[in-house]
1. Just to verify a result, which residue in region A:93-130, among those that are farther than 30 Å from A:Met200 by Cα, open to solvent by 50 Å² or more (accessible area, probe 1.4 Å) and in contact (Cβ under 8 Å) with a residue 12 or more places away in the chain, is farthest from the other protein chains (Cβ to nearest Cβ)?
2. For region B:140-149, give me each residue that is open to solvent by 70 Å² or more (accessible area, probe 1.4 Å) and touching a residue at least 24 places away in the same chain (Cβ under 8 Å).
3. Can you find even one residue in region B:158-168 that is of a type in the set (Gly, Ala, Ser) and more than 14 Å from every other protein chain (Cβ to nearest Cβ)?
4. Give me a count of the residues in region A:137-196 that are part of a helix (DSSP H, G or I) and either small (Gly, Ala, Ser) or over 21 Å from A:Tyr85 (Cα atoms) (or both).
5. State which residue pairs qualify: first residue at pLDDT below 95 and inside region A:204-225, second residue open to solvent by 10 Å² or more (accessible area, probe 1.4 Å) and among the aromatic types (Phe, Trp, Tyr) in any location, beta carbons under 6 Å apart, and separation of 6 or more residues or different chains.
6. Which residue, of A:Arg134, A:Arg139, is among the basic types (Lys, Arg), away from every other protein chain (no Cβ under 14 Å) and touching a residue at least 60 places away in the same chain (Cβ under 8 Å)?
7. From A:Thr231, A:Thr256, grab the single residue that is within 25 Å of A:Thr107 (Cα to Cα) and within 12 Å of chain B (Cβ to nearest Cβ).
8. Restricting to region A:269-280, and then to whatever is free of Cβ contacts under 8 Å to residues at least 60 places away in the same chain and either part of a loop (DSSP other than H, G, I, E, B) or among the aliphatic types (A, V, I, L, M) (or both), can you tell me which residue is farthest from the other protein chains (Cβ to nearest Cβ)?
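The values are calculated or read from the model by the stated rules, or taken from the named source; none is laboratory data. Being a predicted model, the structure only gives us computed values, none of them experimental. FYI the Cβ positions are ideal-geometry reconstructions off the backbone, even for glycines, and counts take in every protein chain you see. Note: accessible area is taken over every heavy atom of the protein model, side chains too, but ligands, DNA and RNA are not part of it. Shrake-Rupley method; radii C 1.70, N 1.55, O 1.52, S 1.80 Å.
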Amino acid sequence: MLIKKQNGIPSSEITDEKLYFNRRNFMKAAAVAGAGAAAYAFFSKKSPVVFAQEGKSWKTAHPSNYDTTETLTPYKDVTTYNNFYEFGVDKSDPSENAWRLTTSPWTVEVSGNVKKPAVYHLEDFVKPYALEDRIYRMRCVEGWSMVIPWLGFPLSNIIRRAEPTSKATFVAFQTLYRPDEMIGQKRDVLQWPYVEGLRMDEAMHPLTILAVGLYGKALPKQDGAPLRLVTPWKYGFKGIKSIVKISFVENQPPTTWNLYAPNEYGFYSNVNPNVDHPRWSQARERRIGEFFKRPTLMFNGYGDQVASMYSGMDLRKYF
Amino acid sequence: MLKPFLFLVCLLPLALLAWQGFTGHLSANPISDITNETGIWTLRFIVITLAITPLRQITKLHALIKFRRMIGLFAFFYGSLHFTTYLWLDQFFDWQSILRDIPKRPFILVGFTSFILMIPLAVTSTKKMIRRLGGKKWNVLHRLVYATAIGGVIHYYWLVKADTGRPITYGIILVVLFAFRVWKLVPSRLARRQFELSTRTSLANRTIETIPTRNDATSAE
């Protein structure tokens with residue numbers, strides 16, 4: 001198992017020295033891996049790390065105990081090989097077209113069955129929480145994968161602040177709809193705006209984060225700036241980008257790819273090598289930068305942490 | 001003069017791919033890029049091959065037929081590269097995995113079939129083979145290209161995730177090319193019947209491609 005076991009304490013409260021120093025060693029090695037990794041190590045040398053985006057300082061990046069120690073995918077690949085149909089359907093389109101997006105000012109609406117609905121400016125939305133580095137595997141439904149050092153905070157923080165009522169059983173997310181800037185939205189390739197959803201327990205899970213950066217830097221626009229969801233045990237498309245709305249709902253919310261092809265993309269979309277996509281196998285994947293394919297792991301290798309949420313469920317039915 | 005030049009032009013997509021590969025201008029997933037590029041150029045060359053007859057009839061530039069075989073063979077060439085990329089770079093000759101893959105991914109089966117159907121066409125593309133088969137048989141055999149073209153479009157349509165615009169565009173082009181043939185075929189069949197009734201001779205000198213004649217096949221050099 002590559003993922004360090006959970007020990008019951010929220011990772012944001014952990015200052016395990018051994019782990020911390022292991023991280024440092026790992027980051028030294030990662031620095032050799034590429035320019036992006038070098039930038040990451042540079043940011044990490046200063047402790048506490050001050051994360052700044054467009055002049056606004058956010059809190060220290062914390063080490064986390066959910067990291068994988070696998071080789072990081074180079075920064076260049078993470079930022080030029082993207083699926084973000086709002087900017088075009090080709091992998092290179094997002095990095096070529098996302099510059100048009102205005103990410104400041106940015107507001108996030110928290111609404112639905114909550115005691116404290118609000119519309120936040122992004123900086124106020126993020127400010128209260130300590131940012132953490134989370135080195136996660138990312139498995140795309142198309143059969144390729146990456147290892148990405150995210151910078152973010154657990155979604156559970158937001159949920160606690162919003163104080164959902166007992167009616168809130170699912171969390172629904174929505175991407176910005178602004179075809180003038182998101183030029184891919186001018187074509188009805190998918191139904192816009194992009195929407196995604198999680199069951200409440202999935203949303204509360206400590207692995208689930210809202211990311212505001214990667215490689216110690218502000219999230220590039222093509223990777224979902226300024227705020228995106230990361231659920232590493234699910235296929236990449238569940239990680240909705242450029243979020244403007246988070247609402248707490250009673251019923252399972254619609255999700256974009258499921259609306260497009262319900263027989264191909266389920267609501268859960270947990271990484272599962274045993275359940276094939278109707279048009280291709282999910283048994284193996286190509287890690288970006290590697291020649292040989294590797295076997296895909298159940299729940300993308302996060303089974304120890306997440307499998308219990310799905311016990312008793314037929315994962316062929318609830319794919 | 002024109003033919004060698006065209007030959008080099010047909011190699012440009014491959015040259016560009018190689019240049020991008022060696023200079024690091026492919027994406028983070030180069031195997032996927034190579035697969036996609038060789039695949040799309042196979043389909044493009046098939047479409048160009050099929051466009052030659054209508055183009056020839058519209059423009060009356062009958063010399064265009066001289067290039068058809070070469071372009072058709074380039075379709076086969078890019079198809080072979082595409083197939084090899086799958087076997088070698090994508091699957092690394094993991095036959096078990098390939099056998100598992102084919103029924104799971106119907107688009108692979110369709111693509112594979114389309115490729116296989118091109119083999120007899122490539123094999124019988126020499127002057128000698130045309131003579132051996134005879135123009136009539138050769139023409140009938142080479143209608144397999146229609147199946148390959150349809151299969152190619154289905155293969156493309158089934159593999160894209162959401163943006164079906166491009167495969168549909170190729171589908172529309174094929175429909176137009178086929179419609180042209182059908183439109184030409186009906187009057188020419190009628191004409192042939194009348195001609196046969198009146199003269200009781202074969203149509204050795206007709207050049208409409210849809211009528212299988214020895215002359216037409218041998219002119220495709």
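1. A:Thr102
2. We begin by selecting, within region B:140-149, every residue open to solvent by 70 Å² or more (accessible area, probe 1.4 Å); these are B:140, B:143.
Answer for region B:140-149, where residues must be open to solvent by 70 Å² or more (accessible area, probe 1.4 Å) and touching a residue at least 24 places away in the same chain (Cβ under 8 Å): just B:Val140.
3. Step one: list which residues in region B:158-168 are of a type in the set (Gly, Ala, Ser), which gives B:162, B:165.
Now drop any that are not more than 14 Å from every other protein chain (Cβ to nearest Cβ), which leaves none.
No, that holds for no residue.
4. Initially, region A:137-196 is screened for residues part of a helix (DSSP H, G or I), giving A:155-162, A:183-186.
Right, trim to either small (Gly, Ala, Ser) or over 21 Å from A:Tyr85 (Cα atoms) (or both) and you get A:155-162, A:184.
Qualifying residue count for the region: 9.
5. A:Tyr215/A:Tyr75; A:Gly216/A:Phe43
6. On the way: A:Arg139 fails: away from every other protein chain (no Cβ under 14 Å).
Checking each option against the conditions leaves just A:Arg134.
7. Values: A:Thr231 fails: within 12 Å of chain B (Cβ to nearest Cβ).
Testing whether each residue is within 25 Å of A:Thr107 (Cα to Cα) and within 12 Å of chain B (Cβ to nearest Cβ) leaves just A:Thr256.
8. Looking at the filtered set, the residue picked out is A:Asn272.
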